[in-house]
Ligand SMILES: [Zn+2]
């Protein structure tokens, strides 16, 4: 790997992340949710940094913070660089924010270089990627992508405040949120830099990766029904124990997931009636199933469902399935992904390619324009959504060089 010279933009980006980490609704931890006073403050700070980098700034009708640097002539379509400014509870300081700060530094570098690009550059700091406040994720990026649903105005937070009321208190017009939607012809594409949130790059000893796709997920509420009975009085040949049936299925989920390269997680399980001396009559559990390709995920689900039917038939149990969430995998635009790989080659001759196991704003943005992502190694085993989230200055420097080079590679493909 080629050594890089000192880069003032790296130190500044890291200082900005430290500053953002202090804008929290909690005294000793980081939490910054959508449409809150902290959101307003983070947007204002970010807007100031965007202007220092030479951008015109505005906050859109959904509360996304936007900035724009014109290309070689005014009003050209924009290549959008972005990520999110909101956080989970007790968050780290790099998830989302790092991508926004790197985007600002890329714009600053390109403006200072005097290069004029065949498109405008826009930076977006999305609100509400995490869904921390209203329980529904990607609200800012879905508004941006033109897939906002006014039904979300009725979502409520922990205190019972509706999204519509929170938007009004923030200074937005709830009826106008859908106007944040952009048209495909205004956009060249979307590039996002983000920490990996997993251990692959750390284990491989590599700083950066290009992303091939963002996982598609399906979530199920699953119920096994048997018959409750006295723990002592019900002999084994008469038991219809729903929890033991569920346990067999849970173990099979892990086996099928490992065999098929998918990820299956049972995060919640409950037995009813739930007495220590009662054979469980009902077991309910959740399943989160994700994969790089939808067919792979659906194939794994088919095997799990068939196995569950067989177990339940053998044990005299009932099996019912409710699917409550489904998002198909989003594949990166091949030309934009190639530009990201070309960018990474300025610091690593053989860029790794990963699929993202976590969701990102790009999933929503893909509804309006092509997307690609740059992943950056995070330390401590890749821990994220946790205050121990960490990156090295060296890796941030590599990411900034690669992200800038990726933007220039897109410009070259546009005859720039
Ligand atoms: Zn994130």
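Just so you know, all these numbers are worked out from the coordinates, no wet-lab data involved. Everything numeric here is computed off the predicted structure, so don't read it as measured data. Heads up, the Cβs are rebuilt from the backbone with ideal geometry, glycines too, and the neighbour counts pull from every protein chain shown.
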Extension reserve of the residue 26-residue 183 stretch, reckoned as 0.36 nm per residue once the Cα distance is removed: 52.8 nm
Ranked by how many other beta carbons lie within 10 Å on average, peptides 122-130, 36-44, 364-372 from highest: 122-130, 364-372, 36-44
By average C-beta atoms within 10 angstrom, highest first, the peptides 133-144, 391-402: 133-144, 391-402
For the stretch 133-159 and the stretch 175-239, distance of Cα centres in Å: 18 Å
Where labels lie 7 Å past Cα in the beta-carbon direction, separation of residue 151 and residue 288 in nm: 2.2 nm
Cα→Cβ-extended label distance, 7 Å offset, between residue 165 and residue 75, nm: 4.3 nm
Over the chain: helical MRE at 222 nm, DSSP H runs n ≥ 4 each giving -39500 (n - 2.57), nearest 500: -11000 deg cm²/dmol
Average silhouette area of the stretch 167-244, convex hull of alpha-carbon atoms, in square nanometres: 14.1 nm²
Three-way shape label, the stretch 301-387, alpha-carbon gyration tensor, a/c 1.5: prolate
Point-to-point label distance, residue 231-residue 412, nm (Cα→Cβ direction, 7 Å offset): 6.9 nm
The chain: Cα Rg divided by the 2.2 N^0.38 Å rule of thumb: 1.09
Taking the convex hull of Cα positions in the stretch 109-235, its mean projected area over all directions (nm²): 16.5 nm²
Debye-sum result for the stretch 216-327 in log10 I(q)/I(0), which assumes one identical scatterer on each alpha carbon, at q = 0.12, 0.13, 0.19, 0.21 Å⁻¹: -0.42, -0.48, -0.90, -1.04
